[in-house]
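Student: Quick one: this structure, given as structure tokens, is what I'll be asking you about.
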Amino acid sequence: MTQQTRTITLRGELGLRDADAVREQLLDAFCAQMAVEVDAADLTAVDMSIVQVLLAAHKMAKERGQTFQIVAAVEGPLRGAISRAGLLAQSGDAPFEIIWRGRAVAS
């Protein structure tokens, strides 16, 4: 049976005040047994609280056998925050390298 996919779109500047809302959207999708795709192409700024929520979502998906991936600009703010936190590795074995599906996004 193929999982239906729910896309959660993140836009603008997101930080601590937004983390609970993002977390709730992710939990709703996981509880509905859906694959989750986070579209972060329209993020303009992000802080570590959102990165932590996304990392926890990755862990939850893995534990539940569900699909989770992030689609975002290759050099966008989310990738920058993830990189500054040391969560990307050249070897490809860091948590976000596994779920990252960077793509070129027109400016």
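Just so you know, all these numbers are worked out from the coordinates, no wet-lab data involved. Fair warning: this is a prediction, and the values are worked out from it, not measured in the lab. Because the Cβ atoms are built from the backbone with ideal geometry, glycine has one as well, and the counts that use them run over all protein chains shown.
Student: Normalised by the empirical 2.2 N^0.38 Å for globular proteins, what value does the Cα Rg of the stretch 3-43 take?
Tutor: Normalised by 2.2 N^0.38 Å, the Cα Rg of the stretch 3-43 equals 1.17.
Student: Another question, if that's okay. Show the residues, 5+ positions off or on another chain, whose built amide H is closer than 5 Å to the amide H of Ala45.
Tutor: Glu13, Leu14
Student: I want to check the label-to-label distance for Cys31 and Thr9. Put each point 7 Å from Cα in the C-beta direction and report it in nm to one decimal.
Tutor: 2.4 nm
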